[in-house]
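J.: Structure incoming, see below.
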Amino acid sequence: QVQLLESGGGLVQAGGSLRLSCTASGRTFSTMAWFRQAPGKEREFVSVITWIDGRTYHADSVKGRFTISRDNAKNTWYLQMNNLQPDDTAIYYCAAHQLSALIWGRFRQTPSEYEYWGQGTQVTVSL
């Protein structure tokens with residue numbers, strides 16, 4: 001049985017940092033990612049990392065502030081979020097796919113491309 005458990009969300013002041021974690025059980029994945037969904041908005045891509053070589057891709061909105069990483073031995077991936085801003089407030093979801101992170105030369109960036117999801121963790125950034 002596959003299960004993704006995430007943690008690390010919370011309330012933080014603008015400029016602060018949080019580190020989200022997602023641990024998978026039941027199997028390993030070739031593609032590991034983070035998405036977020038703010039009230040009234042569609043779920044949006046944040047970041048993705050490959051199991052094999054650790055290649056990463058980040059959405060323009062978080063480049064330079066967020067960093068995805070993984071520990072294959074622990075079947076865990078992380079999202080280090082620095083310089084958080086109120087616009088980052090959302091429920092953050094980890095996601096995974098058993099197939100390659102690349103499809104026709106691009107990283108998987110849409111929710112429909114992911115098979116497994118965590119339960120979500122709330123990140124709230126205050127002024």
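J.: Pop out the ³J(HN,Hα) list for region 53-62 in order, Karplus 6.51 cos²θ - 1.76 cosθ + 1.60 with θ = phi - 60°, rounded to Hz; leave Gly and Pro as x.
T.: Result, ordered by residue: 10, x, 5, 10, 8, 10, 4, 4, 5, 10 Hz.
J.: For Arg43, Arg106, Arg65, Arg36, write out the residues from largest to smallest accessible area, computed with a 1.4 angstrom probe and no ligands counted.
T.: Arg106, Arg43, Arg65, Arg36
J.: Turning to a different aspect of this structure: Put a dot 7 Å past each Cα toward the Cβ at Ser69 and Leu127; how far apart are the dots in nm?
T.: It works out to 3.4 nm between the two label points.
J.: Follow-up. For Gln119 and Trp104, compute 0.36 nm times the residue count separating them, minus their Cα-Cα distance, and round to one decimal in nm.
T.: Net length gain for the segment: 2.5 nm.
J.: Same structure again: Using the basic label-point model (7 angstrom from Cα toward the beta carbon), what is the Glu44 to Ala59 distance in nanometres?
T.: 0.5
J.: How big is the charge dipole of the chain about its Cα centre, in debye rounded to the nearest 20, if each Lys and Arg gets +1 on its Cβ and each Asp and Glu gets -1 on its Cβ?
T.: So the dipole magnitude of the chain works out to roughly 180 debye.
J.: What number, in percent, do you get for the relative contact order of region 1-73 if the mean sequence gap of Cα pairs under 8 Å and at least 6 apart is divided by its residue count? Please report the intermediate quantities before stating the final value.
T.: Values: 91 pairs, mean separation 14.7, N = 73.
Normalised by residue count, the contact order of region 1-73 is 20 percent.
The values are calculated or read from the model by the stated rules, or taken from the named source; none is laboratory data. The structure displayed is predicted, hence computed values, not measured ones. FYI the Cβ positions are ideal-geometry reconstructions off the backbone, even for glycines, and counts take in every protein chain you see. Ligands, DNA and RNA are excluded from the accessible area calculation, which covers all protein heavy atoms including side chains. Shrake-Rupley method; radii C 1.70, N 1.55, O 1.52, S 1.80 Å.
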